[in-house]
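The values are calculated or read from the model by the stated rules, or taken from the named source; none is laboratory data. Every value quoted in this text rests on a predicted model; they were computed, and no experiment measured them. For neighbour counting, all protein chains shown are included, and Cβ atoms are generated from backbone atoms with ideal geometry for every residue, glycine included. To get the accessible areas, we keep the full protein, side chains included, count just its heavy atoms, and leave off ligands, DNA and RNA. Shrake-Rupley method; radii C 1.70, N 1.55, O 1.52, S 1.80 Å.
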Amino acid sequence: MKILILNGPNLARLDIRDSLIYGDVNYPELANLISTRAEELGFVADIRQSNDESELISWLHEAADMNIPVIFNPAAFTHYSYAIRDAVEMLKAPLIEVHLSNPMAREEFRHTSVISGVAVGTIAGFGPNSYLLALQALQNILQK
Ligand code: DQA
């Protein structure tokens, strides 16, 4: 089954972001870990990253139109993009929100997610494992 793994702004630059917060796995390595685990679970993962809100919204529309499950790290858009939230709300297949860091343990502006209320669930704070746990959760949900 095809799934979309969407990543928001600045996530392709993990190699130069604060490794104390985001760890030391770079974006290509992260994408590799995700696609390997996805394959093990029987998924074909289409992994994308964009710094552009409009592009992320178009990909969510594509997922809605084609009924594709999504694992989504909206990055900073998590905290304020109502446009992305509205796009997520239109999905029919499940969407799981993920974060490498634990936004609740960071600055106050990160404590709000406008996405969580329209996601099936949120997995945060486990580094790359957040994505791998989300893959497992997605498989469980889809098998029900
Ligand atoms: C993030 C957390 C966000 O607050 C931040 O803006 C990011 C990455 C994470 O994966 O931990 O860019 O989504």
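General observations
- Yes/no for GLU108 being without any contact (Cβ under 8 Å) to a residue 24 or more places away in the chain and more than 9 Å from the ligand (Cβ to nearest atom): yes
- Evaluation of ILE123 against (1) surrounded by fewer than 17 Cβ atoms within 10 Å (Cβ to Cβ); (2) within 16 Å of the ligand (Cβ to nearest atom) (one fails), failing number: (1)
Residue by residue, here is whether (1) open to solvent by less than 60 Å² (accessible area, probe 1.4 Å); (2) among the aliphatic types (A, V, I, L, M); (3) within 14 Å of the ligand (Cβ to nearest atom) holds:
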| position | (1), (2), (3) |
| --- | --- |
| LEU14 | yes, yes, yes |
| ARG17 | no, no, yes |
| TYR22 | yes, no, yes |
| ASN32 | no, no, no |
| GLU40 | no, no, no |
| VAL44 | no, yes, no |
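- Cβ pairs under 6 Å, 6+ apart, first in region 77-89 and touching a residue at least 12 places away in the same chain (Cβ under 8 Å), second open to solvent by 70 Å² or more (accessible area, probe 1.4 Å) and part of a loop (DSSP other than H, G, I, E, B): HIS79/THR112
- Whenever a residue of region 13-30 is under 17 Å from ASN51 (Cα atoms), its partners that are part of a helix (DSSP H, G or I) and basic (Lys, Arg), lying with C-beta atoms within less than 8 angstrom and at least six residues away or across chains, give the pairs TYR27/ARG13.
- When TYR131, TYR27, TYR80 are checked against the criterion of being among the aromatic types (Phe, Trp, Tyr), more than 11 Å from the ligand (Cβ to nearest atom) and modelled with pLDDT of 95 or more, a single residue qualifies: TYR27.
- Enumeration of residues in region 92-109 that are more than 27 Å from ALA64 (Cβ to Cβ) and crowded, with 17+ Cβ neighbours inside 10 Å: SER101
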